[in-house]
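Notes follow once the structure below has been shown.
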Amino acid sequence: MLNPIIVIPARMHATRLPGKPLALIHGEPMIVHVWRRAMQAGIGPVVVACSEAEVFDAVHAHGGNAVMTDPDHPSGSDRVWEAVARLDPEGGFDAIVNVQGDLPTLDPAVIRAVFAPLETAEVDIATLITEIVVEDERTNPNVVKAVVSLPPGGRVGRALYFSRATVPANAGPHYHHIGLYAYKRAALARFVTLPVGVLERREKLEQLRALENGMRIDAALVDTVPLGVDTPADLERARALLR
């Protein structure tokens, strides 16, 4: 049995929606909504990994736990690892779930879904996919496609590749990759030390670094893509959904 911790990386300097962790949704900062939904998943303690004092203070003011991290991390994965290493240097938590801080409408069941594949001993990293049903998404380079060996009727399969191209070829389902991750602790510790991969640089997809270095990623199938808040319009949609 794994002993997981959920970490939510958050930073204020988003290009399209600056200060979005503290954007108010019905009187509460967005990061608090995400923290609360992560708590409702019920799989382990939740901590926000932040780089600004105002986010730290907002989380604690609403009863949550947060830790300050280096503001210059190149990715959320690095921020998550620093938070875990600081909070748990003895290694009591052997699995880490990375929940993005801009998913205020996230279903707690989705968090449980991304954690579940880690129960397989050979899996290093777990993530999520959903079947593409909007035709334009098959060719949209902003929609990352996951090539997953998912048998008919299956809900979890091994991820073989991720691409902005339309893959695999020929008839059959295509899967939209959802950027939530769960890691075995040793896998995340290794991942953040690896150099940027050739395919990672070409596709601009961080998860390819793991595949290029022989790490196993399994993907769980869920029904929908969670709403990520990246723009003012997304924020208004989240407010409407949570009304």
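Annotations
- Output for segment 1-57, where each listed residue is hydrophobic (A, V, I, L, M, F, W, C), over 28 Å from THR120 (Cα atoms) and in contact (Cβ under 8 Å) with a residue 24 or more places away in the chain: ALA10, MET12, ALA14, LEU17, LEU22, ALA23, ILE25, MET30, ILE31, VAL32, CYS50, VAL55
- Test: residue in segment 213-222 that is more than 20 Å from ALA116 (Cα to Cα) and either of a type in the set (D, E, K, R) or at pLDDT 95 or above (or both): yes
- All of (1) under 20 Å from the mean Cα position of the chain (by Cα); (2) more than 24 Å from THR15 (Cβ to Cβ); (3) at pLDDT 95 or above; (4) not small (Gly, Ala, Ser) hold for LEU208 with one exception: (2).
- PRO151 surrounded by fewer than 19 Cβ atoms within 10 Å (Cβ to Cβ), under 18 Å from ALA10 (Cα atoms) and without any contact (Cβ under 8 Å) to a residue 40 or more places away in the chain: no
- Out of LEU205, LEU235, one residue alone is farther than 21 Å from VAL156 by Cβ, surrounded by 18 or more Cβ atoms within 10 Å (Cβ to Cβ) and not β-branched (Val, Ile, Thr). It is LEU235.
- Filter result for GLY101 (modelled with pLDDT under 95 and under 14 Å from TYR183 (Cβ atoms)): no
- Filter result (under 26 Å from VAL192 (Cβ atoms) and of a type in the set (A, V, I, L, M)) within segment 152-182: VAL156, ALA159, LEU160, ILE178, LEU180, ALA182
- The residues on offer are ALA182, ALA171, and the sole one that is modelled with pLDDT under 95 and either buried (at least 19 other Cβ atoms within 10 Å of the Cβ) or on the phi < 0 side of the Ramachandran plot (or both) is ALA171.
- Restricting attention to segment 116-129, the residues that are of a type in the set (S, T, N, Q), within 17 Å of the chain's Cα centre (by Cα) and more than 17 Å from VAL99 (Cα to Cα) add up to 0.
- The residue that is surrounded by the fewest Cβ atoms within 10 Å (Cβ to Cβ), among those in segment 135-148 that are touching a strand residue (DSSP E or B) at 6+ places or on another chain (Cβ under 9 Å) and closer than 15 Å to GLU206 by Cα, is VAL143.
- Among the residues of segment 45-63, the ones that are surrounded by 20 or more Cβ atoms within 10 Å (Cβ to Cβ) and under 21 Å from ARG112 (Cβ atoms) come to 4 in all.
- Evaluation of ILE129 against (1) touching a Leu at 6+ places or on another chain (Cβ under 9 Å); (2) aliphatic (A, V, I, L, M); (3) not in a strand (DSSP E or B) (one fails), failing number: (3)
- Breaking point among (1) in contact (Cβ under 8 Å) with a residue 12 or more places away in the chain; (2) not in a strand (DSSP E or B), for ALA121: (1)
The values are calculated or read from the model by the stated rules, or taken from the named source; none is laboratory data. Please read all numbers here as calculations on a predicted model, not as lab measurements. Every residue, glycine as well, gets a Cβ built from its backbone with ideal geometry; the counts of neighbours run over all protein chains shown.
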